[in-house]
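Asks: Pasting a structure below so you can have a look.
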Amino acid sequence: MQDFNGKTAVITGGASGIGLGLAEHCAQLGMNVVLGDIQKDALDQAIVQVEQRQARVVGVVTDTMVKTSVQNLLDEATEAFGNVHLVFNNAGVAAGNSAGIPVWEAPDADWQWVMGVNFYGVLYGVQTFIPHMLAHGEESYIVNTASLAAVMPMGGSYGVSKHGVLALTEGVQVELEQRGAKLRAGVLCPGFVDTQIFAAERNRPGAETSQIDSDDPQLAAAKAMLANGKSPAEIAEYVFQAMMAKRFYMLPHPAWDDFVRSRTEQILARQDVATMDLVAMLERSAAGEQF
């Protein structure tokens, strides 16, 4: 896509983080913006923030774990602005409670929540919005937010969900190409971004009894690197450049390239699972490199 002015974008997880960064960039380009988010107060605040950029914007309380809620998001979007041209299936969560816990010991509730939002939320977005965009036949793009966890040896609920998003989106793009559709797909695989993803626990089912009490050092390191990560605005700018260049794989953190390459080489060499040097990463992060 090259021309975004007057087109309509729908963004899940749009009230904060990368989603809000995308929304503000859409507004800057003259787009109509539809924000879907589960947290009503944050959604109301985000609407005001995006409206300050002179954009037409509506907010829809959306639980991406529920397919009918995603369908309602489409209904509200088309009622407000007509055809949808950009969809960012962006809502995502991480279960801090499971940090440092072996995969086989992580609570079922953590798996159900993380897979429900991160994978099924994307799947429902694909199932709901693609038929609409194929039907109107105008140039469109659907971008699913995965993570660099999608190409890393991460076996917890977060990593598994993001691997699923990558595989799903690859399949979607192949099928769209086979149809000769004017709709393209892309998968966003960011590293650390300065967001509040670990605060998402407040919105999970049973949040009144759920607390992040893990003292796992890797979780602490992840939070530190998150705070030193790229800004949502930087990610949004990168995503739009990628769409204009028709890139499918969107990896805005080149500091990870060597590790992704070495992991691929180990797979082809039939070797053991690749591991990360967390200490070295922290040192490089402290020196200003953005992972």
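Asks: So, in region 264-283, of the ones that are at pLDDT 90 or above and in a helix (DSSP H, G or I), which residue ends up surrounded by the most Cβ atoms within 10 Å (Cβ to Cβ)?
Replies: Of everything passing the filter in region 264-283, Q266 is surrounded by the most Cβ atoms within 10 Å (Cβ to Cβ).
Asks: Quick one: count up the residues across region 130-182 that are outside any helix (DSSP H, G or I), within 24 Å of G21 (Cα to Cα) and either of a type in the set (V, I, T) or out of contact with any His (no Cβ under 6 Å at 6 or more places or on another chain) (or both).
Replies: Kept after step one, since they are outside any helix (DSSP H, G or I), are these residues of region 130-182: 137-147, 152-156, 180-182.
When the remaining residues are screened for being within 24 Å of G21 (Cα to Cα), the result is 139-147.
Narrowing the set further to residues that are either of a type in the set (V, I, T) or out of contact with any His (no Cβ under 6 Å at 6 or more places or on another chain) (or both) leaves 139, 141-147.
Matching residues across region 130-182 total 8.
Asks: Follow-up question, since we're still on this one. Is region 190-197 home to any residue that is at pLDDT 95 or above and of a type outside the set (D, E)?
Replies: Yes, region 190-197 contains a residue that is at pLDDT 95 or above and of a type outside the set (D, E).
Asks: Within the group L43, L29, L35, which residue is of a type in the set (A, V, I, L, M, F, W, C) and in contact (Cβ under 8 Å) with a residue 40 or more places away in the chain? Before you say what the answer is, go through the steps one by one.
Replies: On the way: L43 fails: in contact (Cβ under 8 Å) with a residue 40 or more places away in the chain; L35 fails: in contact (Cβ under 8 Å) with a residue 40 or more places away in the chain.
Unique residue meeting the criteria: L29.
Asks: Cβ-Cβ distance below 6 Å, separation of 6 or more or different chains: which pairs start in region 156-183 with a residue that is under 18 Å from A146 (Cβ atoms) and end on one that is charged (D, E, K, R)?
Replies: S157/D110
Asks: Filter region 202-222 for residues that are modelled with pLDDT under 70 and charged (D, E, K, R); which is surrounded by the fewest Cβ atoms within 10 Å (Cβ to Cβ)?
Replies: E208
Yes/no per residue for (1) β-branched (V, I, T); (2) under 13 Å from V10 (Cα atoms):
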site	(1), (2)
V48	yes, no
A55	no, no
V58	yes, yes
V70	yes, yes
F81	no, yes
V84	yes, yes
A94	no, no
A106	no, no
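The values are calculated or read from the model by the stated rules, or taken from the named source; none is laboratory data. Computed from a predicted structure; not experimentally measured. Virtual Cβ from ideal backbone geometry, glycine too; neighbours counted across all protein chains shown.
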